[in-house]
Amino acid sequence: MSASTDLAVIIVSSSTARNLEFYSAVDHTRLKKIENLLAEPHEIALDPTRRLAYITHTYRAGAYGEPNEKAHEVSIIDVDRQEIIGIIDIAPYKAPHDIEYDQVHDLLYVGVEDIDGRNGLVMIDPTERKVVGNVPLSAPNAHWLTVTPTGKVYVTHKEAAVVSAIDPAARKVVATIPMPGGAEELDADPSGDYVYVVTPKVKYEVGGPGQIFRVPLRDGDVVPRLVKIDTRTDEIVGEVKFDDYNSGIRVTTDGRVLVTRMRFLDRGVESAPGAARGLPNGELIVVDGRTMTVQGRVDVGPMPITVRGSADASRAWVSNLGNGKVSVVDLAELRVIAELHNNVGRGYGGTHGLTFVPPGKATRAGDHAEAKEA
């Protein structure tokens with residue numbers, strides 16, 4: 001099928017399979033598959049004006065926290081031709097994780113790990129396709145980031161117990177918000193008034209092949225929360241407490257907060273000798289961002305991480321690291337209505353990067369783009 005600007009599209013990638021796939025966001029027909037990307041493709045950001053997407057390459061192999069070779073590239077994707085059309089080398093900065101496009105300042109931002117004394121927020125000119133600045137951060141390992149509609153940037157740091165708030169025009173940190181236990185992903189709401197953060201960093205223990213064990217909460221542990229930050233004061237103004245750790249997040253265009261939870265194996269629950277122990281399914285938790293109350297939960301695939309929503313907030317797509325599938329969720333009925341098979345049948349599928357591309361031209365970046373119904 002030929003590429004078309006008339007289609008709303010889902011782009012998805014597996015870090016382990018090093019692929020990039022394009023699906024119709026309406027009927028989920030696979031439109032195209034690109035293989036043999038640079039290792040390892042990670043997160044994806046959309047520039048809706050240029051109709052380009054950008055995908056980071058974090059490691060040559062392996063995962064966060066491992067002594068692996070770090071990558072230092074961002075691939076450029078033409079979303080309508082459905083082709084990779086170039087590569088931006090961000091060296092000497094390395095291990096880029098999250099990436100976002102700032103429509104206010106017309107810049108790409110990448111969070112990088114602390115390697116050889118270089119860290120923080122890397123700024124890329126999307127016209128020149130080169131690094132034009134860096135905001136060093138006191139906390140190491142800039143991991144997830146979000147940009148408000150006014151162009152303010154917020155960054156989480158995994159283990160580090162703060163969220164950094166950055167003025168990109170001044171290229172300086174304007175606030176650090178205490179975040180005991182560190183944090184995972186974060187996202188701004190469409191109004192720009194609030195940023196929501198998943199905290200603390202997920203805890204788990206790795207066993208044998210295919211075995212990842214749950215670390216139960218104990219007395220004195222930091223309680224898992226979804227916190228709400230007022231972007232005018234950079235203070236926490238709301239929270240939802242949970243009984244286990246969460247990982248990914250996205251705010252829909254109507255203000256609901258989508259949170260992904262990985263479930264791991266419980267130690268002591270033994271399988272038959274020689275039998276494989278598959279990871280349990282995770283879930284998508286839907287929170288009302290205004291009242292900070294849980295609206296519902298949906299079982300998805302194992303190890304869900306990245307979640308993105310449609311322009312009309314009717315659907316969500318959830319990448320499942322554990323099985324190489326993407327769960328398609330109806331947000332009105334709170335149920336899975338389809339699955340995309342990105343890297344299925346190879347144990348750990350590694351499906352991670354995900355973005356929604358609205359049809360035609362859009363006026364706002366990412367999931368907050370104003371476009372016709374997906």
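The values are calculated or read from the model by the stated rules, or taken from the named source; none is laboratory data. Since we're looking at a predicted model, the values are computed, not measured. All Cβ positions, even for glycine, are placed from backbone atoms using ideal geometry, and neighbour counts span all protein chains on display.
Before moving on, here are some points about what is shown:
- Scanning the range 328-374 for residues that are of a type in the set (G, A, S), over 23 Å from T146 (Cα atoms) and at pLDDT 95 or above yields A332, A338.
- Residues located in the range 169-200, provided they are charged (D, E, K, R), surrounded by fewer than 22 Cβ atoms within 10 Å (Cβ to Cβ) and in contact with a Lys or Arg (Cβ under 8 Å, 6 or more places away or on another chain): D193
- For V222, the stated conditions hold: it is under 22 Å from R267 (Cα atoms) and at pLDDT 95 or above.
- Looking only at the range 304-315, and only at residues there that are more than 13 Å from the chain's Cα centre (by Cα) and crowded, with 22+ Cβ neighbours inside 10 Å, the one that is farthest from N342 (Cα to Cα): A311
- Some residue of the range 213-220 being surrounded by 20 or more Cβ atoms within 10 Å (Cβ to Cβ) and in contact (Cβ under 8 Å) with a residue 12 or more places away in the chain: no
- For the range 131-141, the criterion of being under 18 Å from the mean Cα position of the chain (by Cα) and at pLDDT 95 or above is met by none of the residues.
- For the range 173-193, the tally of residues that are within 25 Å of A139 (Cβ to Cβ) and over 18 Å from the mean Cα position of the chain (by Cα) stands at 11.
- Filter result for the condition that a residue is over 29 Å from Y348 (Cβ atoms), modelled with pLDDT of 95 or more and touching a helix residue (DSSP H, G or I) at 6+ places or on another chain (Cβ under 7 Å), over T231, T253: T253
- For the range 293-303, taking the residues that are in contact with an Asp or Glu (Cβ under 7 Å, 6 or more places away or on another chain) and surrounded by fewer than 17 Cβ atoms within 10 Å (Cβ to Cβ), the one that is farthest from I11 (Cα to Cα) is identified as Q295.
- Considering the range 60-177, the qualifying strands (runs of 3 or more DSSP E), each wholly inside and each with 1 or more residues that are among the small types (G, A, S) and closer than 26 Å to L20 by Cα, run over 70-78, 83-89, 107-115.
- So A142, is it hydrophobic (A, V, I, L, M, F, W, C) and either surrounded by 15 or more Cβ atoms within 10 Å (Cβ to Cβ) or in contact with a Ser or Thr (Cβ under 6 Å, 6 or more places away or on another chain) (or both): yes
- Unique match (being of a type outside the set (K, R), over 18 Å from the mean Cα position of the chain (by Cα) and at pLDDT 95 or above) among E128, E100: E128
- Residues in the range 98-112 that are surrounded by fewer than 22 Cβ atoms within 10 Å (Cβ to Cβ) and of a type outside the set (A, V, I, L, M) were compared, and the one that is farthest from L38 (Cα to Cα) is H105.
- If you filter the range 280-303 down to residues that are in a loop (DSSP other than H, G, I, E, B) and touching a residue at least 40 places away in the same chain (Cβ under 8 Å), you find that the one that is nearest to the chain's Cα centre (by Cα) is M303.
- The set of residues from the range 267-291 being more than 14 Å from Y196 (Cα to Cα) and at pLDDT 90 or above comprises P280, N281, G282, E283, L284.
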